[in-house]
1. Could you please find all residues in the stretch 183-217 being assigned to a helix (DSSP H, G or I), under 19 Å from the mean Cα position of the chain (by Cα) and among the aliphatic types (A, V, I, L, M)?
2. Within the stretch 283-303, can one find any residue that is crowded, with 22+ Cβ neighbours inside 10 Å, within 24 Å of Asp213 (Cα to Cα) and among the acidic types (Asp, Glu)?
3. Do any helices (runs of 4 or more DSSP H) lying entirely in the stretch 236-350 carry at least 1 residues that are more than 19 Å from Ala202 (Cβ to Cβ), and which ones are they?
4. Can you find a residue in the stretch 104-123 that is outside any loop (DSSP other than H, G, I, E, B), among the polar types (S, T, N, Q) and surrounded by fewer than 19 Cβ atoms within 10 Å (Cβ to Cβ)?
5. Conditions first: (1) on the phi > 0 side of the Ramachandran plot; (2) in contact with a helix residue (DSSP H, G or I) (Cβ under 8 Å, 6 or more places away or on another chain); (3) among the small types (Gly, Ala, Ser). Gly237 passes all but one, so which condition is the exception?
6. Give the stretch 218-231 a look and list any residue that's touching a Gly at 6+ places or on another chain (Cβ under 8 Å) and either within 13 Å of Ala311 (Cβ to Cβ) or outside any loop (DSSP other than H, G, I, E, B) (or both), or say none.
7. Where residues in the stretch 156-186 are of a type in the set (Phe, Trp, Tyr) and touching a Ser or Thr at 6+ places or on another chain (Cβ under 9 Å), which of them is modelled with the highest pLDDT?
Amino acid sequence: MTTPINRRRFLRGAAAGLGAVTLNQFLTACGASETHTPPTTSAVQSTQPTSIPPTVAAPTTASGAADTPAPAQPTSTPMGSPDLVVARSGEPEAMVRRAVAALGGMERFVPRDASVIIKPNICVAYHTYEYAATTNPWVVGALVKLCLEAGARSVRVMDYPFGGSAEEAYEVSGIAEQVKAAGGEMAVMSRLKFVPTDIPEAKSLRQSAVYDDALKADVVIDVPIAKDHSLARLTLGMKNLMGLIWDRQAIHGDMGQRLADLTGLVRPKLTVIDAVRMLMANGPTGGDLNDVKQMNTIVASPDIVAADSYAATLFGLQPEDLAYIQAGAQRGLGRSDLKNLRIEEIDVGA
């Protein structure tokens, strides 16, 4: 395993991150405030927008009608494969590999020559992975390796941090180092690529400026860290997709339904929940190692609702305790009835 980030790199990233975000922006991104301060000329990339990016016209058919692709259907479960896999008690890469293999292998989700986007949680630039505010870097690196081994043409890893610049957050989190070592690319999310997008069948979030590359990728893999959240109760797979929209403040009203609406648009092919280290309180940013619980667990499923439902139980909650899980199940995005799912549990250390 690569040596963790040293103290000097951590402090340098922390100073840069804390200087780059105002208190009001931080509270808004965390869900503690609904007020908004326009970015100044010194603001970094992660600041909130002053306006919605220009509308990009949807491609049209020969008849001139807008050609809006139907949402991708969930990946079907091969005969005999589990609906969900839980891997425990191993090194992060070993757990990821065993979990994905049990689901049928990465080839089930990533066709040869596919363009892949991996979406971890890299929310701030001033905490290393030990604080469980950002996805474990070795979990992300393992997914990059598996995608390339399956024959992916490109694997890009990205998030839209709200504390510090993307470059700083990528570095301090340790994710950039592992992704590059695995042969993937860390991509900074450009403001110009957030395009106003209609969300078919949405009940609440009918339009949002969504990151265009995520909509055009052949495969999106969602890899959140399991952590406490002040508004949503927990950040899991569905909540992690907020990093693909420009105006995250708009999600805060009717959050459960709007997260389900966004999930119905993006439809990740695979959700891998990092519960190696879980942030049990004071999320989403944490900052106190006493709030971190070592679990050494990976939850993986092509069904994002099922993955979130199981991960909720790691916090002592049930699927019905989270509004976005309820809304996702009602929308038909997946299943929350854990008792009726085929769940395979693997002890990697055995």
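The values are calculated or read from the model by the stated rules, or taken from the named source; none is laboratory data. Small disclaimer: the values here were computed from a predicted structure and weren't measured. All Cβ positions, even for glycine, are placed from backbone atoms using ideal geometry, and neighbour counts span all protein chains on display.
1. The first filter runs over the stretch 183-217 and keeps only residues assigned to a helix (DSSP H, G or I), leaving 191-193, 212-216.
Subsequent filtering for residues that are under 19 Å from the mean Cα position of the chain (by Cα) retains 191, 193, 212-216.
Passing the criteria: Ala214, Leu215.
2. yes
3. On the way: elements: 237-240, 255-266, 304-313, 323-331.
Filter on the stretch 236-350 gives 304-313.
4. Of the stretch 104-123, the ones outside any loop (DSSP other than H, G, I, E, B) are 106-108, 115-120, 122.
Still in the list and also among the polar types (S, T, N, Q): 115.
Now narrow it down to the ones that are surrounded by fewer than 19 Cβ atoms within 10 Å (Cβ to Cβ): 115.
Yes, that holds for at least one residue.
5. Just one mismatch for Gly237, condition (1).
6. Asp222, Pro224, Lys227, Asp228, His229 - these are the residues of the stretch 218-231 that are touching a Gly at 6+ places or on another chain (Cβ under 8 Å) and either within 13 Å of Ala311 (Cβ to Cβ) or outside any loop (DSSP other than H, G, I, E, B) (or both).
7. Initially, the stretch 156-186 is screened for residues of a type in the set (Phe, Trp, Tyr), giving 160, 162, 170.
Imposing the further condition that a residue be touching a Ser or Thr at 6+ places or on another chain (Cβ under 9 Å) reduces the set to 160, 162.
Working: Tyr160: 93, Phe162: 86.
The qualifying residue modelled with the highest pLDDT is Tyr160.
Quick grid of which residues meet (1) surrounded by fewer than 22 Cβ atoms within 10 Å (Cβ to Cβ); (2) free of Cβ contacts under 8 Å to residues at least 12 places away in the same chain; (3) touching a Leu at 6+ places or on another chain (Cβ under 6 Å); (4) among the small types (Gly, Ala, Ser):
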{"position": "Asp222", "(1), (2), (3), (4)": "no, no, no, no"}
{"position": "Ala232", "(1), (2), (3), (4)": "no, no, no, yes"}
{"position": "Leu241", "(1), (2), (3), (4)": "no, no, yes, no"}
{"position": "Ile245", "(1), (2), (3), (4)": "no, no, no, no"}
{"position": "Ala250", "(1), (2), (3), (4)": "yes, no, no, yes"}
{"position": "Gly256", "(1), (2), (3), (4)": "yes, no, no, yes"}
